[in-house]
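Here is the structure we will look at.
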Amino acid sequence: MVMELFFSIQIQSLLCLLLLLFLLLLFAYFYLYFVGHGRHINIKNSTHKRSKQPSAAAAGGGGQGFKIYPILGALPEFLYNRHRFLEWTTQVLRRCPTKTSVFRRPGKVHGIMTANPENVEHMLKTNFQNYPKGDRFNYLLQDFLGEGIFNSDGELWKLQRKTASYEFNTKSLRNFVLENVVVEMDTRLLPTLEDASRRGYVVDLQDILERFAFDNVCKLAFNVDPACLNSMAANNATNAGAGAEFEFMRAFEDAATLSSGRFMYAFPIVWQIKKLLGVGSERRLRQAIHTVHKFADNIIRSRMEANSSSSSLQNEKDLLSRFIANEENNSPEFLRDIIISFILAGRDTTSSALSWFFWLLSSRPDVQNSILKELQAIRIQNTNTGENNNTFYFSFNQLRDMQYLQAAISEAMRLYPPVPVDTKACLTDDIMPDGTFVGKDWFVTYHTYAMGRMETIWGKNYDEYVPERWLDDDGMCCQESPFRFPVFHAGPRMCLGKDMAYIQMKSIAATVIERFEIEVVDGDKRPEHLLSLTLRMKTGLPVKLTKRERL
Ligand code: HEM
C-alpha cells in the first residue's frame, strides 16, 4: 500500500514536471516571437501569380502589416490593442505601402484589411458579386435582423433594394422626413435645450441626438412616435416615461449592442455556448429581441388588417405602408425584418456624425462663425425672395444652399465616420488591384476610419479639421469619390439614406447653432469611442448651452 502510494506520487510529480516543462517551452517560443522574431506581414508583394496556399509574405508584403504568430495569428496583437482597435489598425495600414494587410485569426479564419481606394472600388463595385455580406455576417445578426436589407444578399436583398430605392427617391418621402424633423425640433429638441440653457444644466448631447434620431426613424419606418426625447425630459424630472414605446427603444438599443458584440468575441464558441445555455449576454439579447419583435409585430398586424378592410393605407407615407402596398413577398415576418433593418440603419448614424461634429466645432470658433455667416446670408436672401414664410425653420431649398455647413459636416465624418469599418466575405479566390491575394471565404474589411486619415488621400494636413478642403472656388461643396470616402458605402449597396441624412443633419445643426453657443465639458480632451456597429462616444458628450443673442 505504501509502495503504491509512493509510485502514485512519483507519477504525479513526473506529470507535473512534464507539464511545467511544456509550459516553459511554450512561453519561451512565444516570447521569442514577440521580442526577437516578431514577423510582420503586409502586401507590398504585388505578384499576380496566385498559389493555392499563398505564403504569409505573398499575401502581405513589405514587412509592415499585422504581426502574425503561428497558430494564434494576429490574436495576441488584437487582444493587446482591442481597446484601441481603430487607432492600432489605422497605424498598421498607414505604414503598409499599399495600405492593405493580411489579418489572421486563430484557426482557418483569414482576411484582409484595406484602406486602398482601388481595392475598395474593386470589392464594392467592379467585382461586387464576389463580395457579399456573407454567411458569417448573416449568421451573427440573423436573430435580430432576420432577412432584412441590412442582413441579406442575392435576390432577397435585390427585392428590398428595388422597392426602397424607388421610395427613397420620391418627393413625398423627402417631405415626410423634413416635416417630422421640424416637428421633433419644435416640440422636443429646442424645448429640451432651452430648458438646459435656462437652468445651466450639463446635458449629454449625444444621448439627445440619439433619441432624436430614434424618434425620427421610427416615424419614417412605421409612423410610430416612441417619444424618446420626451421621455428623457420626463425621466430627468420624475423618472416617468416607461411606456411600451420607451421599452421598445431600450430593447432595440440592447439588441443592437449585444448583437454587434458577437463580432468582438476572440472565440465565437463562447457566445454560441451562452446562447445554447440561455445565459449572460445571450439571455439578455433573446429578451431584447423578443420585446422588439412583439412591438413591431403588433403594429404590422394592425396595419395589415387596416389595409385589408379599407384603403386607408394610401394616405400613409411611412416605409411599412409602402412595402405593404408593394405586393411582392409581404409576410408579417418579412415586413418586420425590413422595418428593423431600416431603424438600425437610420438610428445611430446621424447622431454619431452630429455628436463628433459638435465636439469638433466646440474648439473651432472660426468654423462656427463661417456657418453663422452662411445662415445669416440665407435668412437675408429668404426675406428678399419670400422663399420661406416660416422664419423659424429652414426649407428644403435653403438646406440645399448650405454649402459650407455641408462641407463642415462631411469633414467631421471624414475624421469620425459613423460606420468606421465594414466587412464583406470573399466568394471565390481573387486578386485585389494592388496585388493582394484574397482567398475563398476570407473576410475583407475596408477601413473607412483609416482612409479618412491617410496622407495619400487627403494630403499633409490629413489630421486637421478643414471644412474648406471640400469647397471649390465658387464655394460649392464638392462630391468626393465614394471609393476614397466610403462613409456611405459605395456601388450597388450604397447607403439609401444619404440625402435624407444630410437633410436631417443640416437641419438640426443649423437650427441649434443659430440659437445656442455650445461648450463641451472638457472639450480639449478627445472623447473615447466605443466600438460597436457605429462610432459612439463612450461617456457621451456633456455640454453646456448658452442662448445666442438674436442674429
Ligand atoms: C450619417 C448618416 C449615415 C451614414 C454615415 C450611413 C452609412 C451607411 C453605410 C456605410 C452603409 C453600408 C452598410 C453595409 O451594408 O455594409 C449604409 C447602408 C444603408 N443605409 Fe445608411 N447611413 C446613414 C444614414 C442612413 C439613414 C438616415 C437611413 C434611412 C433610414 C439609411 C439607410 C440605409 C440602408 C437602408 C442601407 C442598406 C443599403 C443596402 O444594403 O442596400 N442610412 N449606410
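The values are calculated or read from the model by the stated rules, or taken from the named source; none is laboratory data. Only a predicted model underlies this, so the values are computations on that prediction, with no experimental measurement involved. Note that we place each Cβ from the backbone using ideal geometry, even for glycine, and neighbour counts take in every protein chain shown.
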The stretch 254-265 residues that are touching a residue at least 12 places away in the same chain (Cβ under 8 Å), paired with ones that are among the basic types (Lys, Arg) and assigned to a helix (DSSP H, G or I) (beta carbon under 7 Å, 6 or more apart): 254/284; 258/284
Qualifying position, being more than 7 Å from the ligand (Cβ to nearest atom), of a type in the set (S, T, N, Q) and within 25 Å of residue 379 (Cα to Cα), among 507, 481: 507
Complete set of residues in the stretch 403-433 that are more than 12 Å from the ligand (Cβ to nearest atom) and over 30 Å from residue 470 (Cβ atoms): 426, 427, 428, 429, 430, 431
Residue under evaluation residue 102, criteria (1) touching a Leu at 6+ places or on another chain (Cβ under 6 Å); (2) in a strand (DSSP E or B), criterion not met: (1)
Residue list for the stretch 327-358, filter: of a type outside the set (Gly, Ala, Ser), touching a Lys or Arg at 6+ places or on another chain (Cβ under 8 Å) and more than 10 Å from the ligand (Cβ to nearest atom): 332
Some residue of the stretch 111-131 being surrounded by fewer than 22 Cβ atoms within 10 Å (Cβ to Cβ), touching a helix residue (DSSP H, G or I) at 6+ places or on another chain (Cβ under 8 Å) and part of a loop (DSSP other than H, G, I, E, B): no
Test: residue in the stretch 450-460 that is farther than 30 Å from residue 319 by Cβ, within 15 Å of the ligand (Cβ to nearest atom) and touching a residue at least 60 places away in the same chain (Cβ under 8 Å): yes
Contacts under 6 angstrom Cβ, first residue in the stretch 214-227 being in a helix (DSSP H, G or I) and at pLDDT 90 or above, partner among the β-branched types (Val, Ile, Thr) and within 8 Å of the ligand (Cβ to nearest atom), 6 or more apart: 217/343
Filter result for the condition that a residue is within 14 Å of the ligand (Cβ to nearest atom) and under 19 Å from the mean Cα position of the chain (by Cα), over 156, 141, 205, 173: 141
Test set (1) away from the ligand (no atom under 16 Å from the Cβ); (2) in contact with a Lys or Arg (Cβ under 9 Å, 6 or more places away or on another chain); (3) farther than 23 Å from residue 490 by Cβ - residue 380 fails condition number: (2)
Residues of the stretch 264-304 satisfying the condition of being among the aromatic types (Phe, Trp, Tyr) and surrounded by 15 or more Cβ atoms within 10 Å (Cβ to Cβ): 271, 295
Scan of the stretch 250-259 for residues that are within 18 Å of the chain's Cα centre (by Cα) and not hydroxyl-bearing (Ser, Thr, Tyr), ordered by number: 252, 253, 254, 255, 256, 258
Among the candidates 545, 535, 471, residue that is closer than 26 Å to residue 120 by Cβ, more than 16 Å from the ligand (Cβ to nearest atom) and in contact with a helix residue (DSSP H, G or I) (Cβ under 7 Å, 6 or more places away or on another chain): 471
Residue 392 being within 26 Å of the chain's Cα centre (by Cα) and modelled with pLDDT under 95: no
Selection status of residue 318, acidic (Asp, Glu), surrounded by fewer than 16 Cβ atoms within 10 Å (Cβ to Cβ) and modelled with pLDDT of 80 or more: no
Residue within the stretch 468-484 that is touching an Asp or Glu at 6+ places or on another chain (Cβ under 8 Å) and within 30 Å of residue 152 (Cα to Cα) present: yes
Subset of the stretch 125-136 (residues that are within 24 Å of residue 340 (Cα to Cα) and at pLDDT 90 or above): 131, 132, 133, 134, 135
Filter result for residue 436 (of a type in the set (Ser, Thr, Tyr), more than 13 Å from the ligand (Cβ to nearest atom), touching a residue at least 40 places away in the same chain (Cβ under 8 Å) and touching a strand residue (DSSP E or B) at 6+ places or on another chain (Cβ under 9 Å)): yes
Residue 441, sole failed condition from (1) within 16 Å of the ligand (Cβ to nearest atom); (2) out of contact with any Pro (no Cβ under 8 Å at 6 or more places or on another chain): (1)
Filter result (surrounded by fewer than 21 Cβ atoms within 10 Å (Cβ to Cβ), at negative phi and within 6 Å of the ligand (Cβ to nearest atom)) within the stretch 484-496: 488, 493, 495
